[in-house]
Amino acid sequence: MRLNYKHIQKILFKGILLLAVCVLSFSVYASNELKGKFNLHSVNLVQKSIDVSKSDETLYFSLRAYSLQGLNKVDIYFESPSGKEIIQTTCENRKKTKVGMLLGRILFKKKSESGEWKINKIVVEDMEGNSHTYDKKFLAENKFTHSLLIKSKK
């Protein structure tokens, strides 16, 4: 089959038109539906328990999150068994990518309350200063119910 100039022009025009519709559709979707959106993918604690009876101990964890505007940092908050104490740490996304696999650590003092500490909330912040908080209810509903057993002197 031999293609003539008009036929090629017609195919090219349809291709460009289809591409324009696809790009326009995605950009409208992205600006209307995704702008400022965040996603928390996973949280993994390296240890399941730590013993602070003799000294301060550090808990190590990894966290994977997403922000359409570029992931800046993630704050993670742990709550004591009684709810009287909350400690927090910040993980920065130094690469400033949309998706970040962040490694973090948090120090539990020798005098930390014994028992099961739970993640109280996680706050994800993008490069523009927008943030989204994942509260206890969200964390429980989405199986982010990680806890840490703290053993200390009584």
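Throughout, read-outs are computed from the coordinates displayed, never taken from laboratory work. These numbers come from a predicted model, not from an experiment. When we count neighbours, we look across all protein chains shown, and the Cβ atoms used for this are built from the backbone with ideal geometry, even at glycine.
Structure above, values below:
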read-out	value
Cut-off 10 Å between beta-carbons: net charge of the residues surrounding residue 139, Lys and Arg +1, Asp and Glu -1	+3
Residue exposure sequence - 146, 41 - by fewest surrounding Cβ within 10 Å	41, 146
Cα centroid separation, segment 100-151 to segment 63-88 (Å)	4 Å
Table column - 3J(HN,Hα) (Hz), segment 105-118, Karplus curve with 6.51, -1.76, 1.60, x for Gly and Pro	8, 9, 8, 9, 6, 3, 8, 4, 4, 6, x, 8, 8, 10
Amide H contacts of residue 53 (H built 1.01 Å from N, under 5 Å, at least 5 apart or other chain)	153
Residues with amide H under 5 Å from that of residue 73, placed H, sequence gap 5 or more	93, 125
Estimated vicinal HN-Hα couplings, Hz - segment 82-89 in sequence order (Karplus 6.51, -1.76, 1.60; Gly, Pro = x)	7, x, 7, 10, 10, 10, 9, 9
Footprinting exposure proxy for 56, 75 (fewest neighbouring C-beta atoms within 10 Å first)	56, 75
Karplus 3J(HN,Hα) series, Hz, for segment 144-153 with 6.51 cos²θ - 1.76 cosθ + 1.60 (x for Gly, Pro)	9, 8, 6, 9, 10, 8, 9, 10, 8, 5
Rg/Rh ratio calculated on Cα atoms of segment 31-129 (Kirkwood radius)	1.05
